[in-house]
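Q: Take this structure, written in structure tokens, and hold onto it; I'll ask about it next.
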Amino acid sequence: MGQSQSNQKPEPGDLIEIFRGGYQHWAVYIGDGLVVHMVPPSECAGAGVSSVMSVAAQRAVVKKEKLSEVVGTDDWRVNNDLDERYDPHQADIIVEEALQLVGTEQPYGIKRWNCEHFAKKLRYGKAESRQVRNAIIATVAAVAGFLGIAFLVGALSGRRKREDEDKQ
């Protein structure tokens, strides 16, 4: 198994987005090839696969690990996506605060406090998760689409039934 490659060279304080297949895992780069990230007990570093059990976890641990081990064979990129919206903290402050949290246990909730919330809170002082917001939007759109199709099928079925009754 080869290592994932990225053309980017992260700087201390950068956010690292790792593409796990069904979701993105987030970490904070602290320098020397290391990241700090929050993981539920069911997610193993370097596994490179999404864990269904992560969704049900209520606690997570903050770890300091090699970026290459956390990434495994997954694709990754530097993603400081909120820099235009918020002023990022200074890199040394981000790194210091991240290191202070290593080894701590954190509450975990896929919608309220996940690895993306954790990483963005360190960089921006604001806990946001765009993947959660996007998943909610996609779910609402899917439900609306399903209901629209169900309504259309019901309306067409009712119309066909009335036409059949009129023919009799």
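Bear in mind these aren't lab numbers, they're just calculated from the coordinates by the rules spelled out. What you see is a predicted model; the values in this text were computed from it and never measured. A quick note on method: Cβ atoms are made from the backbone with ideal geometry, for glycine too, and the neighbour counts reach across all protein chains shown.
Q: Considering lysine pairs in the stretch 15-128 that are 8 or more places apart or on different chains, how many have Cα atoms under 20 Å apart?
A: 8
Q: Evaluate the distance, in nm, between pseudo-label points positioned 7 Å from the Cα of Lys126 and of Leu82 along their respective Cα→Cβ axes.
A: That separation, rounded to one decimal, is 0.6 nm.
Q: How high is the FRET efficiency from Thr104 to Asn7, r the C-beta distance, R0 30 Å, rounded to 0.05?
A: Computed FRET efficiency for Thr104 and Asn7 comes out at 0.35.
Q: If you don't mind, there's one more thing I want to ask. Mind listing which GluC sites (Glu not before Pro) in the stretch 53-111 are in a DSSP loop and have 14 or fewer other Cβ atoms within 10 Å?
A: Glu84
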